[in-house]
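Here's a structure for you.
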Amino acid sequence: MRADKDDTIECRDSGFSLIEVLIAIVLLGLGVSAMLTTLVVTIDASATERDHANAHAWLQTASDVLYGLERKDCGLLPPAIADEVAVRTFYEAEIKDIATNPEEWPDTHIEVVAPVLFWDGDVYQSNCYDDRNINLQLITIRVRNMSNDIIETVQVVKG
């Protein structure tokens, strides 16, 4: 009896070759490394956004505290640099004392930026004009995060 071609059974190894296994491992490795890279970028972006939110909230609290404080006069004597320093030092001490800073952010990371400027009727200048009964002050508050790569400021007009 003759066996037809259709009746012939071929015995072949139905497994994967070494090349196919290596290609599969490389593709899986690329997928995992891409996922890990995406995860690291997401974590970094989240930390940066958290620092921006903390800085903004701290600035908001500090500006609210500054609005609530009584205006610090710089004196009725002729304008001097010491007057501006005294006003700035007073506001900065009060902000650090009253404003609540975010967790793990020391109060050294908030400051009143020099100089505090005084309105002369036309523009803000560093000379005090309390003797003219023009009592507007432009105060700049700055916040820095722990690594100093996020710096945010706000300006407050106090009168």
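Explain nothing, just compute: Karplus ³J(HN,Hα) = 6.51 cos²θ - 1.76 cosθ + 1.60, θ = phi - 60°, for every residue of segment 101-115 in order, whole Hz, x for Gly and Pro.
Working through the residues one at a time gives 8, x, 4, 6, 10, x, 6, 6, 8, 10, 8, 8, 6, 7, x Hz.
On to the next question. Counting other beta carbons within 10 Å of each Cβ, put Val32, Val65, Val87 in order, fewest first. If you can, show how the numbers build up before the last one.
Numbers: Val32 10, Val65 19, Val87 24.
By the 10 Å Cβ count, ascending, the order reads Val32, Val65, Val87.
Got a sec? How would Tyr67, Tyr124 order by Cβ neighbour count within 10 Å, fewest to most? The partial results should precede the final answer.
Working: Tyr67 10, Tyr124 16.
The most exposed by this proxy come first: Tyr67, Tyr124.
As an exercise, find the ratio Rg/Rh for segment 17-158 from alpha-carbon atoms, using the Kirkwood inverse-distance average for Rh. It would help to have the intermediate numbers written out before the result.
Numbers: Rg = 24.7 Å, Rh = 18.2 Å.
Looking at segment 17-158, the ratio lands at 1.36.
Take Asp97, Asp122 and order them by how many other Cβ atoms sit within 10 Å, fewest up front. Could you put the intermediate results ahead of the total?
Numbers: Asp97 9, Asp122 6.
Ordered from fewest to most neighbouring Cβ atoms within 10 Å, Asp97, Asp122 come out as Asp122, Asp97.
Any read-out appearing in this document is the output of simple, stated calculations on the displayed coordinates, not a laboratory observation. Everything quoted here is computed from the prediction, not taken from an experiment. Backbone-built Cβ (ideal geometry, glycine too); neighbour counts: all protein chains shown.
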